[in-house]
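Only one structure is covered here, and it is reproduced in the block below.
The values are calculated or read from the model by the stated rules, or taken from the named source; none is laboratory data. Keep in mind that this is a model prediction, so the values were computed, not measured. Please note: Cβ atoms are built from the backbone with ideal geometry, for glycine as well, and neighbour counts cover all protein chains shown. SASA here: full protein model, heavy atoms, side chains in, ligands and nucleic acids out. Shrake-Rupley method; radii C 1.70, N 1.55, O 1.52, S 1.80 Å.
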Amino acid sequence: MKLVFAGTPEVAVPALDALIASDRHEVAAVVTRPDAPAGRGRRLVASPVAQRAEEAGIEVLKPVKPRDEDFLARLREIGPDCCPVVAYGALLPKVALDVPARGWVNLHFSLLPAWRGAAPVQHAILAGDEVTGAATFLIEEGLDSGPVYGVITELIRPTDTSGDLLTRLAFAGAGLLAATMDGIEDGTLGAVPQAADGVSMAPKITVEDARVDWRAPALRVDRVVRGCTPAPGAWTEFRGERLKLVSVALVPDRTDLGPGELAAGKNNVYVGTGSHAVELLWVQPQGKKPMRAADWARGVRIAPGERLGGADVG
């Protein structure tokens, strides 16, 4: 089939690579979000998908909105049979959905109908799911509600961050998307409607969602830190400034600390929660690089009884 691939971040690149490598399909063009400011200089930088497409000599389309007439005219001119999508980042209007004869097929990083929305991997970790996966489905006007072509499953490991899990799903999902294109092309694969029950939503995680509440049980604190790493980054407050929490470990046998209360030894830093303590492993003070929590604690000289999280230990 002639394909137009839509995607933007690094997580979409493995799927683009798999389709470029396929001897059954032609990636005629790529659709991605417009160049965005990045780095200290805030200069405009092309998306990872755009950069990979340019390396491969593939035409790159960067509409401000996918309903832009110039973009739609070029899409019709290319005449794709199908448009595979991975984390494109914009809603596709019906006028765009109607262009390819075999539709737009999305690779979504959950076992649909669970975790429909922008942040399925983060929400799976926050909820304490033990298994997740990826699904390919035909995009329709509803949010991630279209019929499903195929799924793969992936275990969530106890120490997985959302970044770890997303990386594994990106590579496993790339093979699923390529196999889905093959099945659509040769007619061996049909889409099956999603179940009406088991629907859950996964909206974008906000910075406020990533604030650690030390009154919550340690297991919840651990999930927030892992689920919000690398973005937007779990955080708390220390002496009125934001402190990013890069990684923690559960310490079930230490129950002597109140919520947010700190205890620093020579090589360890513990903090109390609503159940038992967690150990801070890596932190990132405001305006600084990530560092070992023990090094941070030596620098700030934690006083006895000092707490994280401000007055409300939130």
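Of all residues in the stretch 24-45, those that are modelled with pLDDT of 95 or more and more than 19 Å from the chain's Cα centre (by Cα) total 11. Has the stretch 152-160 got at least one residue that is at pLDDT 95 or above and surrounded by 23 or more Cβ atoms within 10 Å (Cβ to Cβ)? So far as the stretch 152-160 goes, no, none of its residues is at pLDDT 95 or above and surrounded by 23 or more Cβ atoms within 10 Å (Cβ to Cβ). Out of curiosity, is residue 102 of a type in the set (D, E, K, R), in contact with a strand residue (DSSP E or B) (Cβ under 9 Å, 6 or more places away or on another chain) and exposed (fewer than 13 other Cβ atoms within 10 Å of the Cβ)? For residue 102, the condition - of a type in the set (D, E, K, R), in contact with a strand residue (DSSP E or B) (Cβ under 9 Å, 6 or more places away or on another chain) and exposed (fewer than 13 other Cβ atoms within 10 Å of the Cβ) - is not met. In this structure, residue 148 does not satisfy being open to solvent by 30 Å² or more (accessible area, probe 1.4 Å) and either in contact with a strand residue (DSSP E or B) (Cβ under 9 Å, 6 or more places away or on another chain) or polar (S, T, N, Q) (or both). Any residue in the stretch 29-38 that is hydroxyl-bearing (Ser, Thr, Tyr) and buried (at least 22 other Cβ atoms within 10 Å of the Cβ)? Within the stretch 29-38 (the criterion being hydroxyl-bearing (Ser, Thr, Tyr) and buried (at least 22 other Cβ atoms within 10 Å of the Cβ)), the answer is yes, since at least one residue qualifies. The residues on offer are 48, 66, and the sole one that is under 27 Å from the mean Cα position of the chain (by Cα), closer than 25 Å to residue 101 by Cβ, surrounded by fewer than 21 Cβ atoms within 10 Å (Cβ to Cβ) and modelled with pLDDT of 95 or more is 66. Applying a threshold of 9 Å to beta carbon distances and a minimum spacing of six or more residues, or different chains, the list of pairs starting in the stretch 83-111 at a residue that is at positive phi and ending at one that is of a type in the set (D, E, K, R) and open to solvent by 10 Å² or more (accessible area, probe 1.4 Å) reads 89/33; 103/140. Specify which of the listed residues (26, 59, 55, 10) is open to solvent by 60 Å² or more (accessible area, probe 1.4 Å), under 25 Å from residue 169 (Cα atoms) and in contact with a strand residue (DSSP E or B) (Cβ under 7 Å, 6 or more places away or on another chain). 26 is the lone residue from the list that is open to solvent by 60 Å² or more (accessible area, probe 1.4 Å), under 25 Å from residue 169 (Cα atoms) and in contact with a strand residue (DSSP E or B) (Cβ under 7 Å, 6 or more places away or on another chain).
Beta carbons closer than 8 Å, at least 6 apart along the sequence or on distinct chains, pair a first residue in the stretch 157-168 that is within 16 Å of residue 219 (Cβ to Cβ) with a second that is open to solvent by 50 Å² or more (accessible area, probe 1.4 Å) and part of a loop (DSSP other than H, G, I, E, B) for 161/230. When residue 173 is tested against (1) surrounded by fewer than 22 Cβ atoms within 10 Å (Cβ to Cβ); (2) under 22 Å from residue 195 (Cα atoms), just one condition goes unmet, and that condition is (1).
Residues in the stretch 203-243 that are open to solvent by 20 Å² or more (accessible area, probe 1.4 Å) and part of a helix (DSSP H, G or I): 219, 220, 223, 226. Among residues of the stretch 258-275 that are over 16 Å from residue 247 (Cα atoms), those with a beta-carbon under 7 Å from a residue that is open to solvent by less than 40 Å² (accessible area, probe 1.4 Å) and polar (S, T, N, Q) at least six positions away or on a different chain give the pairs 259/273. If you go through the stretch 72-84 and keep only what is open to solvent by 10 Å² or more (accessible area, probe 1.4 Å) and hydrophobic (A, V, I, L, M, F, W, C), you end up with 73, 78. Those residues that are in contact with a Phe, Trp or Tyr (Cβ under 9 Å, 6 or more places away or on another chain) and buried (at least 21 other Cβ atoms within 10 Å of the Cβ), I need them from the stretch 178-193; list them, please. Result: 180, 184.
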